[in-house]
Amino acid sequence: MTSVLRKRALILTPLVLALAACSVGPDYVRPQTAAVPTAFKEMKDWKPAQPNELAMNGKWWEMFGDRQLNALVEQIDISNQNLAQSEANFRKAMALVQGARADYSPTLSVDASRTRSRSATSSSSSSGSSSSSSVRDNYSFSLNADWEIDVWGRVRRNVESNEASAQASAADLAATRLSAQAQLAQNYLQLRVLDAQQQLLDDTVAAYQRSYQLTLNQYNAGVVAKSDVIQAQTQLKSAQAQALDNGVQRAQLEHAIALLVGQPASTFSITPSPLAAAAPPIPVALPSMLLERRPDIAGAERRVAAANAQIGVAQAAYYPSLSLSASGGFQTSNGLANWFTMPSRVWSLGPQLSQLIFDGGARRSVTDQAIATYDGVAAAYKQTVLTAFQEVEDNLAALRILEQEAVVQNEALQSARQAVTLVTNQYKAGTVNYTSVITAQATALTSERTALDILYRRMAASVLLTKALGGGWSEQNIADLGALASQSESSKKK
């Protein structure tokens, strides 16, 4: 049997290899997007910082120089549940790749059986007819092999599609991580701005308390009218209310940060602290680098590749399928002792060619669906690229304009502070009424809060620009899916 099998295998092998060399369906070509600009429009008259190590190692949040922010961001990889879900989806995609590659190999199965049967026989003679029966035991043991030869590349295209989908899932994992990091940084920076605003409001309440006491003393001395006291008291209570209201948003931001780091909001807290971070300069990449640096673009492009391969899978259904099957074993009804003897040996080997003749248009429908899916994901990829350029331009413009606005606002703030000092002294001298003091103080408080708001918006724009540029990520990160799978498994164990 062995020599016969070897001879047939030698005859079939060249034919199988020749047929398996072709794959139906279009070969993948990355869709062409709109012309990539040579520079960002909003970089005109705005000089970005030079690239630094933060862009190289991906820990872009360290540019704010806040240790607590650094520690919180590091917890995302360990405890964030959205990231855990994306990591599970990635492992699922890797398992699908392994399942698709399994179709390259033949399937082996073992069968063993024992059956007992009874047969009846009848005979006739001159003395009459008679019947008899016999009981037989049948033993069978066989090893079976089946292999579908990938003549038209259906298996190859399916593996190609699943590998591209796994790469898209890896990019999704990176995008989820970057999104969580950016959201945490924004929330944390806003919380610190609220801490600075709380300190401002507390100082304002103390200043208004002194103004109220001054007015009350002057009223008791008969220098000012009762209306001045009422105005001072109203302003004081309004500032106290603002100071209390500031705590609502801070508590909500603290709870949002707890969610991002995977901790219960009830047990998580951040001690109030003065704002230490400043709006940092951001190194800006060239527009063409967005196609390599943003994980969402990489994921969208890999989905196009997966959809393209599925067209080949659908078209392969139009062609006949070729499979080889072989089995060998032992079969006997002469007792268990004779089961594995040479006379009981049986084997079979042969190819099978099958072709579907009519399906009522089902294959055409599947192919049309695959083509339509490809067109849809290709359009989504192009839209993702356009959106990326928009986000970069938006935040470049925000940083450039807010930097100019901060300069002007700081000048206005200095003037407002001087006005409070001058008007307060004039009120003490009795040359202006208390309404002038209230107006000057309200203007100064508004200027202080506006300056803090501009500072936060600048830092938020820095975060969003870094995110829009990919956060130091590169599509080379998804080149080695095996390493990514190991890394994901390690994060899961943590």
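The values are calculated or read from the model by the stated rules, or taken from the named source; none is laboratory data. Since the model is a prediction, treat every value here as computed from it, not as a measurement. Here the Cβ is made from the backbone with ideal geometry for all residues, glycine too, and neighbour counts use every protein chain on show. Remember, those area values only see protein heavy atoms, side chains included, never the ligands or the DNA or RNA. Shrake-Rupley method; radii C 1.70, N 1.55, O 1.52, S 1.80 Å.
In table form, for the structure just shown:
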quantity	calculated
FRET efficiency estimate (nearest 0.05) - Cβ-Cβ, V408 to F268, R0 35 angstrom	0.35
Burial order of peptide ranges 304-312, 188-196 (average beta-carbon count within 10 Å, highest first)	304-312, 188-196
Values of log10 I(q)/I(0), in the order q = 0.12, 0.19 Å⁻¹, for the range 145-299 under a Debye, Cα-only, solvent-free model	-0.80, -1.15
Dipole-positive endmost among Q404, Y381, A419 within the range 368-445 (Cβ charges, Cα centre)	A419
P(r) tail fraction, the range 365-430 - alpha-carbon pairs more than 14 Å apart, %	77
Added length on full extension, which subtracts the Cα-Cα distance from 0.36 nm per residue, D103 to N82	4.3 nm
Cα pair distances in the range 225-285, grouped into 5 Å bins until the bin that holds the longest one, percent each	4, 13, 13, 13, 13, 13, 10, 8, 6, 4, 2, 1, 0
Approximate spin-label separation A276-N89, in nm, with each point projected 7 Å along Cα-to-Cβ	3.6
Accessible surface, per residue, of the range 373-426 when the full set of protein chains is kept, probe 1.4 Å, Å²	54
Net charge of neighbours whose Cβ lies under 11 Å from the Cβ of G247, counting Lys and Arg as +1 and Asp and Glu as -1	-2
Value of Rg/Rh across the range 374-470 [Cα atoms, Kirkwood radius]	1.35
Extension gain (nm, one decimal) between A225 and D375, 0.36 nm per residue minus Cα-Cα	46.2 nm
Magnitude of the charge dipole, the range 140-251, Cβ model with Lys/Arg +1 and Asp/Glu -1, debye to 20	580
Heavy-atom accessible surface of the range 147-262: percent carbon and sulfur, 1.4 Å	53
